[in-house]
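Heads up: the structure comes next, in structure tokens.
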There are 2 protein chains.
Amino acid sequence: MTHAYVHGYADREHERLHDQARTLSDLLHHDTHYPEGCTVLEAGCGTGAQTLELAARSPSARFTCVDISAASLAMASRRAAEAGLHNVEFQQADLRTLPFAAGSFDHVFVCFVLEHLADPSGTLRSLLRLLKPGGTLTAIEGDHGSVMFHPEHPAARHAIDCQVRLQARAGGNALIGRTLHPLLQAAGAQRVQVSPRFVYADASRPGWVDGFTRKTFTAMIEGVRDEAIAAGLSSPADFDAGVQALHRTAEADGVFCYTFFKAVAQAS
Amino acid sequence: MTHAYVHGYADREHERLHDQARTLSDLLHHDTHYPEGCTVLEAGCGTGAQTLELAARSPSARFTCVDISAASLAMASRRAAEAGLHNVEFQQADLRTLPFAAGSFDHVFVCFVLEHLADPSGTLRSLLRLLKPGGTLTAIEGDHGSVMFHPEHPAARHAIDCQVRLQARAGGNALIGRTLHPLLQAAGAQRVQVSPRFVYADASRPGWVDGFTRKTFTAMIEGVRDEAIAAGLSSPADFDAGVQALHRTAEADGVFCYTFFKAVAQAS
């Protein structure tokens, strides 16, 4: 699993994930509030990019955040401490063999994780079993098929496609966002409600242009450059042209769009 | 111009446009209210699909609705009368040579029209000149590059691509939505604000599945079948497979997504 994580574990990637979490926090999390005293499992917390946002928005809920990577958990734990959060515990575990009994949590939260799994529906089924009656499972994923930009450029499409193919080779699916409703239904979830979260960046929204177009999406694509070239998916020149074309969409007459999907469901 | 209108002028197409207008009305128009007494030019009203929604939402504003097609205007006029609207006048005119003096209107509204024009920026520049000081221009367009669906299917992409190519051959651009901000800026507009309007249809939203996936988008693609085949863009079998794949996204485990873009701008 560790080696297959398409985004890598480098410092720059951590920085990117935390930039992304800040820019996107309101868009993705504004309607997620966990009441006082309830228990929440965050499945696949990574370095805590979403954890910090979640726990700060629900300061009276108790979070158990698990990840397969001890190094990521160490960083997440340090960042939670720096943020002064006292309602978060971290625990190393594999999502496929979680050490919790059925009905252990009031709520489950899983964000930017299913996209990396070979069997997301099976994982969702396992997570749903951990819910107490009436509890909710919240899942958030992006979908690289949602990318739209101006000026259009085939090199940019090529570079994005490299990322999609690398993620597929690693057993994941970068186009998973649109499938959350059928995935959750197949996993046995009830009352599945999906709401798209649209990111739109043009010159009238400089915060989104810098925080999302440049520092989130384009940075993510840049982050797989060496791997894409090593895998024979692109020449260096073609990949670099794609990254340049993505940066072009952040100029004064450029536009960039991306859609995340957020699902909330119940176990029964 | 008339013959090049990609959606055609058949009765079934009128029905589709009115189904679409009802389903989408809230999503597209809920934030458009013209105050009492002000004058609004609707540029390219067609058979009045948007006119009825607009005029009903701003009953004390006065609308002048122009179109190049006398037949479309006759139908629009009849429908406005049937709807009991008394605040709408219809007038035949070419958008490229509108018979109005500069500063004639408080507001201008143009919806699903720029996509059909060879020089949308030039038309926008002309329309902006018709505004009184402080008036607004509102433009709404779709973007076929925003289409996402599940299950994914290359035949569906092929059929959609036929529509995009036919529209391009007719001098239009089915991917225009994302470009509204730069288009309006290039036309000299000020304070351009674009807001995407995302259509999301899964089994939990049967009204959208039927009203949009089936009766709006898939019906629109089906509507160019014969033209696409006659133009050599598709075999009948390939096109029909694409339409079938689009209908497949309206089944219980299917998902369909589309994005419209709405821009509001001022002349100075």
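Go through the cysteines of chain B and tell me which have no other cysteine Cβ under 4.7 Å away.
B:C38, B:C111, B:C162, B:C257
Can you list, bin by bin at 5 Å, the percent of alpha carbon pairs in chain B, starting at 0?
Pairs per bin, as whole percents: 1, 6, 13, 17, 19, 17, 12, 8, 4, 2, 0.
Return the FRET efficiency for the residue pair A:E251, A:R157: r is the Cβ-Cβ distance, R0 is 22 Å, and the value is rounded to the nearest 0.05.
After rounding to 0.05, the efficiency reads 0.75.
What is the sum of charges, Lys and Arg at +1 and Asp and Glu at -1, for the other residues whose Cβ falls under 11 Å from the Cβ of A:D202?
For residues surrounding A:D202, the net value is 0.
May I ask for the net charge around B:P236, where only other residues with Cβ less than 15 Å from the Cβ of B:P236 are counted and Lys, Arg are +1 while Asp, Glu are -1?
Here the count lands on -4.
When Lys and Arg each count +1 and Asp and Glu each count -1, what net charge do the other residues less than 13 Å away from A:A101, Cβ to Cβ, add up to?
Neighbour charge sum, excluding A:A101 itself: +2.
To the nearest 20 debye, what is the magnitude of the charge dipole of chain A about its Cα centre, counting +1 on the Cβ of each Lys and Arg and -1 on the Cβ of each Asp and Glu?
Using Cβ point charges on Lys, Arg, Asp and Glu, chain A gives about 640 debye.
Pulled fully out, how much extra length does the chain show between B:D31 and B:Q190, if you take 0.36 nm times their separation in residues and subtract their Cα-Cα distance? Show your work: numbers first, answer last.
Numbers: separation 159, 0.36 × 159 = 57.24 nm, distance 1.94 nm.
Additional length available on full extension: 55.3 nm.
Does anything in the stretch A:101-131 have its amide N under 18 Å from the 7 Å Cα→Cβ label point of A:A231, and if so which residues?
A:113-120
Rounded, prolate or oblate: which one fits the protein assembly as shown, using the alpha carbon gyration tensor with axes a ≥ b ≥ c (rounded when a/c is under 1.5, else prolate when a/b beats b/c, else oblate)?
The shape class here is prolate.
Roughly how many whole Å is it from the C-alpha centroid of the stretch A:24-59 to that of the stretch B:21-40?
The two parts, judged by their Cα centres, are 37 Å apart.
How much accessible surface does A:W208 have with a 1.4 Å probe, in Å² rounded to 10?
60
Report the longest stretch of chain A that contains none of the GluC sites (Glu not before Pro) sitting in a DSSP loop with at most 15 other Cβ atoms within 10 Å. Don't skip to the answer; put the middle values down first.
On the way: sites that count: A:E36, A:E152, A:E251.
The reported range is A:37-151.
Within 10 Å of each Cβ of B:138-149, how many other protein chain Cβ atoms are there on average?
Average neighbour count from other chains, rounded to a whole number: 2.
The values are calculated or read from the model by the stated rules, or taken from the named source; none is laboratory data. Note that the coordinates shown come from a computational prediction; the quantities given were computed from them, not determined experimentally. Cβ: placed from backbone, ideal geometry, glycine included. Neighbour counts: every protein chain shown. Only protein heavy atoms, including side chains, enter the accessible area calculation; ligands, DNA and RNA are left aside. Shrake-Rupley method; radii C 1.70, N 1.55, O 1.52, S 1.80 Å.
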